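**Student:** This is the structure I want to talk about, given as structure tokens.
The values are calculated or read from the model by the stated rules, or taken from the named source; none is laboratory data. Not measured: the values here are computed from a predicted model. Every residue, glycine among them, receives a Cβ derived from its backbone with ideal geometry; neighbour counts consider all protein chains shown. Side chains included, ligands, DNA and RNA excluded: accessible areas come from the protein's heavy atoms. Shrake-Rupley method; radii C 1.70, N 1.55, O 1.52, S 1.80 Å.
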Amino acid sequence: MPEYRWPDMSKRKVMGQRFSRLDGVEKSSGRAKYSSDLNKPGMLHAVLVTSPHAHAKVRSIDTSAAEKHPGVAAVRVIAPAGTEIQWAGWEVAIIAANTELAARDAAAKVKVEYDVLEHFVREADLKKVKTRAKPAGEQVEGDPEMAAKQADVVSEGYYGIPVLTHCCLETHGNVVQWTPDNKVEFNPSTQSVTSIRGDLARLLSVPAANIHVHQDHVGGGFGSKFQPDRWGLESSQLSKQAGGRPVKIFLDRATELVIGGIRPSGFANIKVGAKKDGTITLWESESWATGGIGGGGSPPIPYVFTKIPNRRQSHSAVSTNTAPSRAWRAPNHQQACYLTCAPLEDLAAKLKMDPVELLIKNAGLTARPDTYVRQLKKAAELSEWSKLWHPRGDAGKGSIRRGLGVGAGTWGGAGHDSTARVTIHPDGTVEVELGSQDLGTGTRTIIAQVAAESLGLRVQDVRVKIGDTNYPPSGTSGGSTTVGGVSSSTRKASLNALEKLYIEVAEALGAPADQLTVAEGKVLVKDNPAKSLPWKAACQKLGVKTISETGSNVPAQAAREGLNTGGVGGVQIADVSVDIETGVVKMNRLVAVQDMGLVINPKTAESQIFGACIMSICGALMEERITDEITGRVLNADMEFYKLAGIKDIGEIVVHLDITEENDKRGVIGLGEPPAVPGIAAISNAVANAIGLRVPTVPMTPMHVLNALAGRKS
Amino acid sequence: MQPFEYASPKTLKEALALLGAGWGDAAVLAGGTDLLSLMKDNVMAPKRLVNVKEIPELKGITKTGAGVRIGAAVTVDELASNALIRASFPALLAAAQGISSMQMRNMGTVGGDLCQRPRCWYFRAGFGLLPTHEGKNLVAEGDSRYHAILGAGPAHFVSASSFGPALIALGAKVKIASAKGTREVEAAKFFVAPQNSETREVALQPNEILTEIVVPVSAAKNATYEIRQKDALDWPLATASVSLTMKGTAVGSARIVLGHVGPTPFDADGAAKWLAGKTITVETAEAAGKAAVESAKPLKDNAYKVQMAAVAVKRALLAAAGVKA
């Protein structure tokens, strides 16, 4: 068995290099085809009829007029009479027609009568929430009463972080064709090419072997695109009903923002206490959150500083008549980070202590003190903390107030199950195939780098093929598990294939197969590098044979093999300027220090962190799903009032990758989630530092900032 | 979307003949940045679209005896790059620059900006200009964070026009044509707060086209200050346009017009009168800002906009007078 361990950091030729994404030009020039770009001959377009009511019972549904609408090929009722609708946007019927316009016009002709029931859609006020809350019971650790009495300083506050949506630029949907021979061709926008086949097989009662899934690119998922979803199932049925014509459905923007996925909220009344020297001794929290009708959302607080000795915690899941939550880039972590780092910064202000010092002082309360201390110092250095930070409220006189704030995060990120197949052709061509997907993070590129490194080739010598169920199974891209999984499986498959090649060329090189190695496009004898064959010449020795070998990442073995692992910390410091007359917050800088194990491609790693920081800026300052108490609907299901930052709203982002020999030895660790955690807390703390008081709820829109400054409740 | 007929007349006369007696008969299409989304959302469903971008009478920016004439189909970008505008009307220039999307500036027109429909989220969801649901006033009892703080009601949406406040402050007039002839309306009277759900928010009839805007040229110092959350394309939360006719170093007469705070641009006449005879300083500008919002009656969620509007006035005055804060 080959030695799978990564080559030493100093000996790597391709891994660790800053390669641009292999599909970068294709994507930035618009040539990349997403599933939503697909148009097949004879294709029908499907649209959903959804409920305008947040809570209602369907009394009757009549699709006869829609069925007669010109161009309509198939109609299905999803919510028959008697169905209890639990949120506005609930799928009621679906229509396939020759054009999207015909489908939309027909949808308007579906007559649905509802018995409207009472709804509940806003959870920020605990008093109003009570009857809809399910308390999870109180947890007590140590002696919080005593700790409260003995604390030199106690800080109390209300904090809130709202529901926001995934807002994928490529909305959810698919093109599907279910032909009369019971075969299904499925082109989804998904984070899980391999597993979505099994899910669809179950939903359609079609053998998985009859289903082929293909996707080249996905335009955003963030945790919301794992399942075929109701529209995937129903559009498949429409295709069957229409005699096997392909059917395309992609949610319109409004529907995407309402039912395409949300991040649960997090609200809490929090009390923290400390000794004069900053030693944190007390945590009390009464928290609540909603993730839709099923409640959901339980932020793990206190976060990072988990070992605060005396704790009293209670949490309630609030059921609202809103569409259910989905995993959102580090589920529950932004909420937990905000609900912890904001109260700790308020405590620091009350202690008249530098918050970075407070966190350093209490690093022992975390699972990785050394990492956090190192990162806090690095982030402080990069943000010019010692020069720019000032005690809270000490930001000078004018209308523009500058402030700095800090947040800390953590994540797992070990590799998922993944199998790769490496094929070496007699002409020297190399293919790597995985049923994986590239969420835009550079997965294709790092696979090519790993294969090239392992085979002694260049990135351009390797052809990476992903996004298809004809390739070996690879895991779901969730939980920051992809890079660990696919890099390890690619490594193993490459070396397994190479082992077979060595056998074929051993004779020509006059050395035993186990004495051969590869470097710089040659197969050579380890002890006698002068004896070598160029890669192409070596492969020609295969004659008519083709080598095709697989390799798998098995999570339970991964740590032992040293290829990938999980568990990281990260620290971010935000630098903002707040116009206290208008409430407008501008980002000056966001510094992200991230520990992440072995870095295969520093450029794509940095890009990941840039993206995560931008999401945090949006979440801290702009993004919020706004529901209407009267109609129960989402008011800002558009990109006009569901606000996202533009390039000028982002400021400078400074990324520091914690690349060290020590981190490298841990193997590959996922990076999707970790840097998306601390930013919101850091920005909120920076605003508090700038204006001298806490804006208790994010996003810190001008409304919330001015309300906080005026002492008004938002 | 309701099927519609598309016409692209080459003369104003032809265009006017294509309009109807009711709003549902025809709609004037200029940049389409608003109309098309209204149609897609089924808020408007005209039977005919009359494209006015091919009509020479609606184009160009020229100097006339009465001032600078701006064709209604002039794009925002053409306005912002025009030397006459840049020389005399910083208030208009700033308003144009506030539309911070190149695509919008390239497609959107000055006339379209004045005629665009409100962005009220209840209106856009099909609940009308005076939205109610099951007997409840949606704006007053629902979410009013982006709604009006000024105006006598019953309309609570805010006028979305970027140029309206500046044109009013500059004393502009708009020309309106119908098959029967043309009429001229003061910019201030072009915007109307609807008293019932049947009326529109501008003084146009279904059979009329806004053809041009005439801005008198004077020595008045003018400026617009816009408060937006984002630097990227975003609706202002409050704006103020001011025009100051100076008498020596003091203000002879002033006009102060607020935007995005009421169903029409709000002419803060009292504040303007108060300013007469005073020198613009941080203090007087701030006092004028406060005076401008004296009659504000914020709704449940938008008290924050009162201060914002006052600040916009203060900053616009300081900008016009060239005083540093």
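**Student:** Could you order B:ARG117, A:ARG392 by accessible surface area, starting with the largest, using a probe radius of 1.4 Å? Could the numbers behind the result be given before it?
**Tutor:** Working: B:ARG117 20, A:ARG392 65 Å².
The most accessible residue leads, giving A:ARG392, B:ARG117.
**Student:** Okay, next question. Using the Karplus curve 6.51 cos²θ - 1.76 cosθ + 1.60 with θ = phi - 60°, what ³J(HN,Hα) values do you get for each residue of the stretch A:44-54, in whole Hz, with x for Gly and Pro?
**Tutor:** 9, 10, 10, 9, 9, 9, 10, 6, x, 9, 7
**Student:** Could you give the size of the charge dipole of the stretch A:415-561 about its Cα centre, using +1 on the Cβ of each K and R and -1 on the Cβ of each D and E, expressed in debye and rounded to the nearest 20?
**Tutor:** Values: 15 positive and 16 negative charges, 30 e Å.
The calculation lands at about 140 debye.
**Student:** How much of A:TRP411 can a 1.4 Å solvent probe reach, expressed as accessible area in Å² and rounded to 10?
**Tutor:** 40
**Student:** Ordering A:ASP346, A:ASP394 by how much accessible area each has at a 1.4 Å probe, largest first, what is the list?
**Tutor:** Working: A:ASP346 15, A:ASP394 95 Å².
Putting A:ASP346, A:ASP394 in descending order of accessible area: A:ASP394, A:ASP346.
**Student:** OK, next. Find the all-direction average of the projected area of the Cα convex hull for the stretch A:415-561, expressing the result in square nanometres with one decimal place.
**Tutor:** Numbers: hull surface 34.7 nm².
Averaged projected hull area, Cα only: 8.7 nm².
**Student:** How many nm separate the modelled label positions at B:ALA276 and A:ALA81, each set 7 Å beyond the Cα in the direction of the Cβ?
**Tutor:** Result for the modelled spin labels: 7.2 nm.
**Student:** Then there is this: Assign unit charges at the C-beta atoms only (+1 for Lys and Arg, -1 for Asp and Glu), then state the dipole size of chain B relative to its Cα centre in Debye, rounded to the nearest 20. Walk me through the numbers on the way to the answer.
**Tutor:** Values: 36 positive and 28 negative charges, 133 e Å.
Using Cβ point charges on Lys, Arg, Asp and Glu, chain B gives about 640 debye.
**Student:** Could you run the numbers on buried accessible area between B and A, total for both chains, 1.4 angstrom probe, in Å² to the nearest 100? Don't skip to the answer; put the middle values down first.
**Tutor:** Numbers: alone 14520 and 27490 Å², together 38960 Å².
Summed over both sides, the interface buries about 3000 Å².
**Student:** Compute, for the protein assembly as shown, the length of the dipole vector about the Cα centre, with Cβ point charges of +1 (Lys, Arg) and -1 (Asp, Glu) only. Units Debye, rounded to 20.
**Tutor:** Values: 117 positive and 104 negative charges, 298 e Å.
Rounded to the nearest 20 debye, it is 1440 debye.
**Student:** Need one value for A:637-643: mean number of C-beta atoms belonging to other chains within 10 Å of its residues' C-beta atoms.
**Tutor:** Values: counts 2, 4, 1, 7, 7, 0, 5.
Per-residue shielding by partner chains comes out at 4.
**Student:** Still on this structure, I have one more. In this model, which of A:LYS109/A:LYS225; A:LYS27/A:LYS665; A:LYS397/B:LYS221; A:LYS40/B:LYS40; A:LYS586/B:LYS305; A:LYS109/A:LYS248 are farther than 23 Å apart at the alpha-carbon? Let's see the in-between values first.
**Tutor:** Working: A:LYS109/A:LYS225 30 Å; A:LYS27/A:LYS665 34 Å; A:LYS397/B:LYS221 29 Å; A:LYS40/B:LYS40 25 Å; A:LYS586/B:LYS305 19 Å; A:LYS109/A:LYS248 20 Å.
The answer is A:LYS109/A:LYS225; A:LYS27/A:LYS665; A:LYS397/B:LYS221; A:LYS40/B:LYS40.
**Student:** Gap in Å between the Cα centre of the stretch A:256-299 and the Cα centre of the stretch A:314-336?
**Tutor:** Distance between centres, Cα-based: 9 Å.
**Student:** Still on this structure, I have one more. Sequence neighbours fewer than 8 away in the same chain don't count; with that in mind, list the lysines whose C-alpha is under 18 Å from B:LYS180.
**Tutor:** Counting by Cα, and skipping residues close in sequence, B:LYS180 has these lysines nearby: B:LYS13.
**Student:** How large is the Kirkwood hydrodynamic radius of chain B, in angstrom, based on all distinct alpha carbon pairs? Working shown, then result.
**Tutor:** Working: mean 1/r = 0.0501 Å⁻¹.
After inverting the pairwise mean of 1/r, the radius is 20.0 Å.
**Student:** Can you compute the FRET efficiency between A:ALA519 and A:LYS665 using 1/(1 + (r/R0)^6), with r the Cβ-Cβ distance and R0 = 22 Å? Round to the nearest 0.05.
**Tutor:** After rounding, the FRET efficiency stands at 0.45.
**Student:** Let me ask another. Using the Karplus equation 6.51 cos²θ - 1.76 cosθ + 1.60 (θ = phi - 60°), what ³J(HN,Hα) coupling, rounded to whole Hz, does each residue of the stretch A:6-11 give in order, writing x for Gly and Pro?
**Tutor:** Using θ = phi - 60°, the values come out as 5, x, 4, 3, 6, 9 Hz.
**Student:** In a solvent-free Debye calculation with one equal scatterer on each Cα, what is log10 I(q)/I(0) for the stretch B:60-104 at q = 0.13, 0.22 Å⁻¹, listed in the order of the q values?
**Tutor:** Normalising to I(0) and taking log10 leaves -0.26, -0.72.
**Student:** Sort A:TYR502, A:TYR642 by heavy-atom solvent-accessible area, probe 1.4 angstrom, most to least.
**Tutor:** Numbers: A:TYR502 30, A:TYR642 0 Å².
Order by accessible area, largest first: A:TYR502, A:TYR642.
**Student:** Amide H of B:LEU49 versus every other amide H placed in the peptide plane: which residues, excluding those fewer than 5 positions away on the same chain, fall under 5 Å?
**Tutor:** Placed amide hydrogens put B:GLU5, B:TYR6, B:ALA7, B:ALA27 under 5 Å from B:LEU49.
**Student:** B:VAL217 to B:LYS247: FRET efficiency via 1/(1 + (r/R0)^6), r the Cβ-Cβ distance, R0 22 Å, to the nearest 0.05?
**Tutor:** On the way: r = 19 Å, r/R0 = 0.85.
E(calc), rounded to 0.05, equals 0.75.
**Student:** Alpha carbon centre of the stretch A:663-714 versus the stretch B:9-85: separation in Å?
**Tutor:** 45
**Student:** Please average, across the residues of B:224-230, the number of beta carbons from any other chain that are within 10 Å of each residue's own beta carbon, and give a whole number.
**Tutor:** On the way: counts 0, 1, 0, 6, 3, 16, 10.
Counting other chains' Cβ atoms within 10 Å and averaging over B:224-230 gives 5.
**Student:** While we're on this one: Under 8 Å for C-alpha pairs, at least 6 residues apart: give me the relative contact order for the stretch A:415-561, rounded to a whole percent.
**Tutor:** Across the stretch A:415-561, relative contact order equals 36 percent.
**Student:** Give, to the nearest whole percent, the P(r) tail of chain A beyond 36 angstrom, counting all Cα pairs.
**Tutor:** More than 36 Å apart: 47 percent of the Cα pairs in chain A.
**Student:** Under 5 Å between amide hydrogens, which residues at least 5 positions from B:ASP234 or on another chain qualify, with H placed 1.01 Å from N in the peptide plane?
**Tutor:** HN-HN under 5 Å from B:ASP234: B:SER100.
**Student:** Please compute the length gained on full extension between A:HIS390 and A:ASP252, using 0.36 nm multiplied by the number of residues separating them and subtracting their Cα-Cα distance. If you can, show how the numbers build up before the last one.
**Tutor:** Details: separation 138, 0.36 × 138 = 49.68 nm, distance 4.68 nm.
Here the segment from A:HIS390 to A:ASP252 would lengthen by 45.0 nm.
**Student:** Near the amide H of A:LYS522, under 5 Å away, which other amide H atoms are found, from residues 5 or more places off or on another chain, if H is placed in the peptide plane?
**Tutor:** Amide H neighbours of A:LYS522, under 5 Å, 5+ apart: A:TRP535.
**Student:** On to the next question. Go ahead and estimate [θ] at 222 nm for chain B from helices alone: -39,500 (n - 2.57) per DSSP H run with n ≥ 4, summed, over the residue count, rounded to 500.
**Tutor:** Computed mean residue ellipticity for chain B: -7500 deg cm²/dmol.
**Student:** Please report how far the C-alpha centroid of the stretch A:391-449 lies from that of the stretch A:112-165, rounded to the nearest whole angstrom.
**Tutor:** Using only Cα atoms to place each centre, the spacing works out to 33 Å.
**Student:** Please work out the FRET efficiency for the pair A:GLU499 and A:LYS57, using the Cβ-Cβ distance as r and a Förster radius of 45 Å; give the result to the nearest 0.05. Don't skip to the end; give the middle numbers.
**Tutor:** On the way: r = 64 Å, r/R0 = 1.43.
Computed FRET efficiency for A:GLU499 and A:LYS57: 0.10.
**Student:** Write out the trypsin sites (Lys or Arg not before Pro) in the stretch B:248-325 meeting two conditions: DSSP loop, and at most 12 other Cβ atoms within 10 Å of their Cβ. Display every interim value, and only then the final one.
**Tutor:** Values: sites: B:ARG255, B:LYS273, B:LYS278, B:LYS290, B:LYS300, B:LYS305, B:LYS314, B:ARG315, B:LYS324; in loops: B:LYS278, B:LYS300, B:LYS324.
Here the sparse-neighbourhood loop sites are B:LYS324.
**Student:** Quick one: pull the percent of accessible area on chain B belonging to carbon and sulfur, 1.4 Å probe, ligands and nucleic acids left out.
**Tutor:** Numbers: 7070 of 13020 Å².
Whole-percent figure for carbon plus sulfur exposure: 54.
**Student:** Sticking with this one: Please list the equivalent ellipsoid semi-axes of the stretch B:152-296, computed as the square roots of five times the alpha-carbon gyration tensor eigenvalues, in descending order and whole angstrom.
**Tutor:** Details: eigenvalues 152, 74, 39 Å².
The equivalent ellipsoid of the stretch B:152-296 has semi-axes of 28, 19, 14 Å.
**Student:** Starting at the first residue of the stretch A:319-330, write each ³J(HN,Hα) from the Karplus equation 6.51 cos²θ - 1.76 cosθ + 1.60 with θ = phi - 60°, in whole Hz, x for Gly and Pro.
**Tutor:** 8, 10, 7, 9, 4, x, 6, 10, 3, 10, 3, 6
**Student:** Apply the membrane-span-like helix rule to chain B: whole DSSP H runs, Cα extent along the own long axis of at least 20 Å, mean Kyte-Doolittle hydropathy at least -0.5. List the helices found.
**Tutor:** Span-like helices here: B:304-321.
**Student:** According to a simple spin-label model (label point 7 Å from Cα along Cα-to-Cβ), what is the distance in nm between A:GLU381 and B:GLU186?
**Tutor:** Simple spin-label model gives 6.7 nm for this pair.
**Student:** Still on this model: Give the accessible area for A:TRP6 in Å² (nearest 10); use a 1.4 Å probe, count only protein heavy atoms, and leave out ligands, DNA and RNA.
**Tutor:** Its accessible surface works out to 30 Å², give or take rounding.
**Student:** Related question: Could I have the simple spin-label model distance between B:GLU54 and A:GLN17, label points 7 Å from Cα toward Cβ, reported in nm to one decimal?
**Tutor:** Placing both labels 7 Å beyond Cα along the Cβ direction yields 5.7 nm.
**Student:** Suppose only helical runs count, i.e. DSSP H with n ≥ 4. What mean residue ellipticity at 222 nm does that imply for chain A under -39500 (n - 2.57) per run, divided by all residues and rounded to the nearest 500 deg cm²/dmol? If you can, show how the numbers build up before the last one.
**Tutor:** Numbers: 20 runs with 205 residues, N = 714.
Value at 222 nm, helices only, nearest 500: -8500 deg cm²/dmol.
**Student:** Using +1 at the Cβ of each Lys and Arg and -1 at the Cβ of each Asp and Glu in the stretch A:415-561, identify which of A:TRP535, A:GLY435, A:ALA493 lies farthest towards the dipole's positive end.
**Tutor:** In the stretch A:415-561, that residue is A:TRP535.
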